[in-house]
Each structure stands twice: as C-alpha cells, then as structure tokens.
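Notes for the one structure printed next.
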Amino acid sequence: MRWGLIGASTIAAEHMIGAIRASGGQIETVLSSSTDRAASYAATHAIGRGVTDLDAAMDGVDAVYISTTNEKHFPQAMAAIAAGKHVLCEKPLAMGVADAVTMVRAAKAADVTFATNHHLRNAGSHLAIRDAIRAGRIGDVLSIRVFHAVHLPPHLQGWRIDNPAAGGGVIPDITVHDADTVRFHLDEDPVDVVAIKTTSGLGRGVEDSAMSVWSMPSGAMVQSHESFTHPFAGSGIECHGTKGSIFARGVMTQQPVGEVVLRTEAGEEALSYALHGLYDRALDLFAKACAGQGRPSADGADGVKSLAVAMAVATAAETGRRVAVDYGGI
Ligand code: NDP
C-alpha cells in the first residue's frame with residue numbers, strides 16, 4: 001500500500017514510519033506546513049516527497065496517516081475521504097464529537113477504510129486482560145481503576161501544555177486513550193461521568209491532570225487518573241470482579257512491556273502475553289481491512305466513542321456536574 005503522511009510529527013518519526021514499513025507499506029509523501037521541515041523530514045526518513053500542499057501529499061497514495069495537531073484532523077480527514085483515500089487518523093479524531101461523527105459517516109459513504117490510532121488495545125498485555133475477562137476468570141466485573149499519570153517528556157512539552165486551540169490538555173491526550181481501553185475490556189460504553197481537573201506544574205491554559213469516575217451500563221464503576229506531571233507514579237490498570245482481580249502494571253504505554261497478574265481464590269498467577277509491537281499490529285490490521293479482510297483494531301466508531309467519553313469528562317470537570325456521555329448518534 002502506498003502511504004502519505006499528513007503531518008511531520010514526532011509519533012510518525014518514533015513509531016508509525018517503522019510500523020507502516022513493517023506492514024509492507026511504502027511511504028511516498030509527507031506533508032508539513034513548512035517547506036524546510038517537509039524537505040528535512042522527508043530526507044531524514046527516506047520519504048520520496050516532502051510537500052506543503054494537501055492535494056500533493058495525497059497524489060499517488062492509497063492511504064493517509066493523519067498525525068497533525070488535533071484541530072487539523074477533521075479538515076484533513078474530510079479532504080482525504082473526498083479524494084477516496086483510506087484514513088488512519090490519530091486520536092482525538094476531532095475537537096468535538098459532531099465533527100468526528102461527520103468524518104466516520106463520510107468514510108462509510110465513500111467506502112474507504114477509516115481507523116483511529118488507539119494503540120493500547122493492540123498490546124499483548126491488554127489482549128490478555130480482555131481474554132481473561134471474557135473467559136470469566138474474574139467473574140462479573142465490579143470496577144476498573146486506570147492509573148495513567150505520567151511525566152510528559154520535554155520534547156513533547158509544546159502545544160499539549162499551552163494551546164487549547166490545537167487540542168492541548170491531558171484529557172484529549174490521555175483520557176481519550178483510557179476511554180478506549182476500558183471500552184475494549186468491558187465491551188460497553190460509559191453512561192455518565194463526574195470529574196475534576198487541575199494544573200499541577202506544566203499546563204498553561206489547559207489542564208495537565210484529571211481524575212474522573214464513570215458509570216457503565218453493566219453497573220461497573222470506573223475510576224481514571226491522567227496526568228502529565230507525575231515522574232514516578234507508574235501506569236497500570238486494575239480490573240476487579242466477583243471471582244478475581246487483575247493487576248496490570250506498566251501497561252499504559254507505547255511499548256510491549258509490563259506485568260499482568262490474576263488473583264483469585266487459588267492464589268496469584270502471572271498471565272503471559274505476546275510481545276509484538278503495538279503499532280505494528282494496528283498497521284497490520286489496517287492494511288488487511290483496506291484489502292477487504294477484517295476490521296481495524298480501533299475503527300471510526302471507536303474513535304468517536306472514546307472522544308465522546310473524554311469530552312464528557314472535560315465538561316464534567318468544567319461544570320462540576322455529572323454529565324451523560326453524548327455519542328452523537330454513533
Ligand atoms: P508533534 O508536535 O510532534 O507534531 C504535530 C505537528 O507539530 C506536526 O504535524 C508538525 O507540523 C509540528 N511539529 C512537530 N515537530 C515540530 C518541530 N520540531 N518544529 C516545528 N513544528 C513541529 O505531535 P505528536 O507527534 O506528539 O502528536 C501528533 C498527533 O498524534 C496528535 O494528534 C496526538 O494526539 C497524536 N498522538 C498519538 C499517539 C498514539 O499513541 N496514538 C502518541 C502520540 C501522539 P507540520 O506537519 O506542519 O510540520
């Protein structure tokens with residue numbers, strides 16, 4: 001498959017260029033807003049053409065990977081869909097649920113594959129957790145606790161911490177991933193949420209930390225914590241049920257690492273899992289879906305729903321109210 005990169009981004013450089021190539025894809029173009037940056041990024045990553053025009057970036061490609069700042073995802077995805085390209089779009093899909101729904105419906109009408117780059121559900125650790133829950137190993141799920149308070153590395157301390165217009169803030173950045181992960185594990189979508197947010201050292205004009213509680217249709221409760229300012233907290237997810245608990249530590253990350261332990265009446269058991277690259281699996285499934293086989297690991301509806309949860313958390317934190325999640329009809 002021939003690819004165009006929409007956005008000369010860090011995530012593409014650090015993870016996605018390698019994953020696209022590992023899936024057999026060829027990267028033909030990269031789009032940047034700056035001529036110099038387009039040229040230097042193309043040269044550094046051995047990409048044929050570095051361009052500043054979106055049409056030129058889409059010329060001669062089958063699919064685009066959109067990893068610009070968040071406010072650009074909607075117009076760029078709509079242009080790519082109109083041009084008949086398959087789209088792998090970064091999270092959050094858009095600045096609001098209505099735009100995200102429009103993107104997903106447009107892709108369906110144009111009969112192109114549309115996916116959201118939620119990486120965590122591709123991790124062997126999370127696949128093992130989901131398998132254990134589905135196999136009934138913890139019984140009925142009572143609650144989930146997500147701890148995803150990290151320290152934002154200095155090279156990412158740009159628009160994320162000071163630019164609300166570009167989609168900055170920890171809620172669009174990390175809460176949206178946690179929403180996708182919990183939806184993946186429980187196979188259901190949060191009903192409503194309460195939340196608080198704060199700035200604790202990094203955020204200027206946007207929150208750098210948030211805590212929220214979500215109610216699930218099954219009656220399970222979810223507690224979620226995201227931050228950019230916690231150097232030593234470590235990440236993880238705990239799933240507690242009537243017959244057991246799963247303790248997964250170090251698994252809310254981009255690498256295939258961490259430990260997953262199941263505790264039941266019988267004692268503790270470490271769950272083994274596959275160590276493939278998270279983005280490699282996402283790209284593999286995306287390429288297959290474009291060829292008419294199967295579906296992407298996180299499709300457009302997953303992107304909309306995970307964004308909807310994050311938006312509800314943002315509104316609840318802003319207003320102090322309990323907020324029903326509005327999935328925009330998806
Ligand atoms: P970056 O800040 O690296 O890139 C975003 C844009 O910023 C680029 O498109 C580029 O604009 C510009 N830019 C990047 N580096 C420079 C630079 N040195 N000088 C000037 N401009 C620069 O963002 P990320 O890669 O961290 O994030 C991009 C998107 O990917 C976001 O939507 C984010 O939410 C998502 N993301 C997803 C992850 C996942 O695991 N799914 C992980 C990380 C990010 P231009 O193209 O015009 O040159």
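Computed from the coordinates by the stated procedures, all read-outs in this text should not be read as laboratory data. Note that the coordinates shown come from a computational prediction; the quantities given were computed from them, not determined experimentally. Positions of Cβ are generated from backbone atoms using ideal geometry, with glycine treated the same way; all protein chains shown enter the neighbour counts.
Listed values, structure above:
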quantity	calculated
Extreme residue, positive dipole direction of the chain, given options PHE114, PHE228, GLY168 (C-beta unit charges)	PHE114
Cα shape, the range 215-330, gyration tensor, a/c 1.5 rule	oblate
Charge dipole (debye, nearest 20) of the chain; +1 at Cβ of Lys and Arg, -1 at Cβ of Asp and Glu	180 debye
Centroid-to-centroid separation of the range 237-254 and the range 1-37 [C-alpha atoms, Å]	34 Å
Per-residue ³J(HN,Hα) for the range 85-90, Karplus 6.51 cos²θ - 1.76 cosθ + 1.60, θ = phi - 60°, Hz, x for Gly and Pro	8, 6, 10, 10, 10, 5
Note, ³J(HN,Hα) from phi for the range 318-330, Karplus 6.51, -1.76, 1.60, rounded to Hz, x at Gly and Pro	6, 9, x, 9, 7, 10, 6, 7, 9, 8, x, x, 8
Relative exposure of PHE286, PHE184, judged by other C-beta atoms within 10 Å (fewest first)	PHE184, PHE286
Net charge dipole size for the range 201-287 [Lys, Arg +1 and Asp, Glu -1 on Cβ; Debye, nearest 20]	100 debye
Phi to ³J(HN,Hα) by Karplus 6.51 cos²θ - 1.76 cosθ + 1.60 over the range 127-134, Hz, x for Gly, Pro	5, 5, 4, 4, 4, 5, 5, 5
Cut-off under 5 Å, modelled amide H: who pairs with GLY241 long-range	LEU142, ILE246
Ranked list, fewest to most other Cβ atoms within 10 Å of each Cβ, for GLU259, GLU226	GLU259, GLU226
About the Cα centre, charge dipole magnitude for the range 121-248 (Lys/Arg +1, Asp/Glu -1 at Cβ), debye	260 debye
Cut-off under 5 Å, modelled amide H: who pairs with ASP192 long-range	SER215, VAL325
Placed amide H near ASP299: partners under 5 Å, 5+ positions off or other chain	THR116
Residue order, fewest to most beta carbons within 10 Å, for SER235, SER212, SER297	SER235, SER297, SER212
Set of lysines with alpha-carbon distance to LYS91 below 24 Å, sequence-local pairs under 8 removed	LYS72, LYS108, LYS197, LYS288, LYS305
